[in-house]
Amino acid sequence: MKVPTPLIDNEAGRNRRSLAKVASAALLGALLTACEGAQSALAPAGDEAERVFNLFVVMLAAACLIWLAVFGTAVYAMRVRPHEHEERTASHFIFWGGIVFPVGVLTVLLLFGLPMLANLRPPGDGLRIGVSGEQWWWRVTYHSADQRSAVVSANEIRLPVGERTEFILDSPDVIHSFWIPSLGGKLDMVPGRTTRLTLEPTRTGTFRGVCAEFCGPSHALMAFPVVVMEREAFDLWLEARRAPAAETTDEPEGRELFLQAGCGSCHTIRGTPAAGVIGPDLTHVGSRLALGAGILPNDAPTFARFIRDAEEIKPGSLMPSFSMLPDAEISAIARYLDSLE
Ligand code: CUA
């Protein structure tokens, strides 16, 4: 009996094959584009990141060569010339391949890697930035070399290009890890202890930093934009952040409501009675690139959403949702915050 050719299956097979082609192209594309971008250790934009990247490439190449040699030897021994060896030959092979070779490789890698450490020393003077990992945002304090008062900000870091900046890292309660993959290695922020990290960005641009250690329910929701600027632009920017918030505002109603609702007991807006230090400093919050520690766009509707649903947007954070406030009041406060440039 003749079975009819299942035409439909051939078509399904073709569909499956073209689907597989599309999927593999998409996967390859995703893998390749993952090497670039604002948060990639494989696209270094800093001196330290470049050292780490070079070390990684050398170790990867060496590991591939050794892997090929080991497998080549195994294939040779099992397939090409499978025969018994004299005990003397086997001992030699173990001595050279199992002792001398690994010691040699590790010594070369050590000699290659050690000089990199010397260049990771902090600079004597220059810009120092204190960063404290909070639950779940970043307190950022700029200490200039000229002994002027520090500038407090949050959730965004700006750096001058081509200069070594020292980060002074700590945390009041849980362990976080400070990491800007494009600029350099990561370092833990440990309660009760100060850790120091030096970074030197080599090109301008906007990068992304993250918390690299699980620190609680909103661990994945604490990121921060990193903007590397020319020195002159950086000085102008820092000077503008040093100033208090504008006294006259287009949103006087929002300003009053912000103070009435008690927001000032947790947040500081310099130039107003709001002087709380529990939450992020909001003096120039409208000028930041993102809201909610690098996770949301910075605009009035997002401010309103955050005020209303803080507990849903950032689970476990200290800020309660202010959903009891009328929508009109939330919108007025949101417009006021958005105007703080
Ligand atoms: Cu902070 Cu993870």
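Among HIS143, HIS83, the order by Cβ neighbours within 10 angstrom, fewest to most, reads HIS83, HIS143.
Kindly put MET319, MET324 in sequence by how many other C-beta atoms sit within 10 Å of each C-beta, fewest to most.
On the way: MET319 19, MET324 9.
Fewest to most other Cβ atoms nearby, the residues stand as MET324, MET319.
Extent along the principal axes, Cα only, for the stretch 231-297: 40, 28, 22 Å, with the longest axis given first.
The long axis of helix 231-242 is offset from the longest Cα principal axis of the chain by roughly 40 degrees.
With K and R counted +1 and D and E -1, the other residues having a Cβ less than 13 Å from that of GLY205 yield a net charge of +1. Could you state, as a whole-number percent, how many of the C-alpha pairs of the chain are farther apart than 37 Å? Of all Cα-Cα pairs in the chain, 40 percent lie more than 37 Å apart. Considering only Cα atoms, the convex hull volume of the stretch 262-341 works out to 84 Å³ per residue.
In a DSSP loop and with at most 15 other Cβ atoms within 10 Å, the trypsin sites (Lys or Arg not before Pro) in the stretch 78-187 are ARG148.
Quick check on the stretch 181-230: what are the equivalent-ellipsoid semi-axes from the Cα gyration tensor, as sqrt(5λ), descending, whole Å?
Values: eigenvalues 100, 46, 12 Å².
Taking √(5λ) for each Cα gyration eigenvalue gives 22, 15, 8 Å.
Specify which residue in the list GLY113, SER287, VAL152 is farthest towards the positive end of the charge dipole of the chain, using unit charges on the beta carbon of Lys, Arg (+1) and Asp, Glu (-1), about the Cα centre. Most positive-ward Cα: GLY113. Using the charge dipole of the stretch 186-341 (Lys, Arg: +1 at Cβ; Asp, Glu: -1 at Cβ; taken about the Cα centre), state which of ILE330, CYS211, MET222 has its Cα farthest towards the positive end. Value: CYS211.
As an exercise, identify the GluC sites (Glu not before Pro) in the stretch 35-84 lying in DSSP coil whose Cβ has no more than 14 other Cβ atoms within 10 Å. Intermediate values should be presented prior to the final figure.
Numbers: sites: GLU36, GLU48, GLU50, GLU84; in loops: GLU36, GLU84.
Filter output for the stretch 35-84: GLU36, GLU84.
If R0 is 35 Å, the Cβ-Cβ spacing of ASP250 and ALA43 corresponds to a FRET efficiency of close to 0.30. Of the peptides 199-211, 304-316, the order by per-residue mean of other Cβ atoms within 10 Å, starting with the highest, comes out as 199-211, 304-316. Helical content alone sets the calculated 222 nm signal of the chain at -12500 deg cm²/dmol, taking -39,500 (n - 2.57) per DSSP H segment of four or more residues and averaging over every residue. Whole-percent P(r), the stretch 46-104, all Cα pairs, 5 Å bins from 0: 4, 15, 14, 21, 15, 11, 7, 6, 4, 3, 1.
Taking 51 Å as R0, compute the FRET efficiency from the Cβ-Cβ separation of HIS92 and ARG231 and round it to 0.05. Between HIS92 and ARG231 the formula returns 0.25.
Expressed as a whole percent, how much of the Cα-Cα distance distribution for the stretch 156-241 exceeds 23 Å?
Details: 933 of 3655 pairs.
Percentage above 23 Å: 26.
Mind sorting TYR336, TYR76 by how few other Cβ atoms lie within 10 Å of their own Cβ, fewest first?
Numbers: TYR336 25, TYR76 11.
Ranked by crowding around the Cβ, least crowded first: TYR76, TYR336.
The numbers here are math on the coordinates, done by the rules we state, and not lab data. Remember, it's a predicted structure, so these values are computed and weren't measured experimentally. Reconstructed Cβ throughout: ideal geometry from the backbone, glycine too, with neighbour counts over all protein chains shown.
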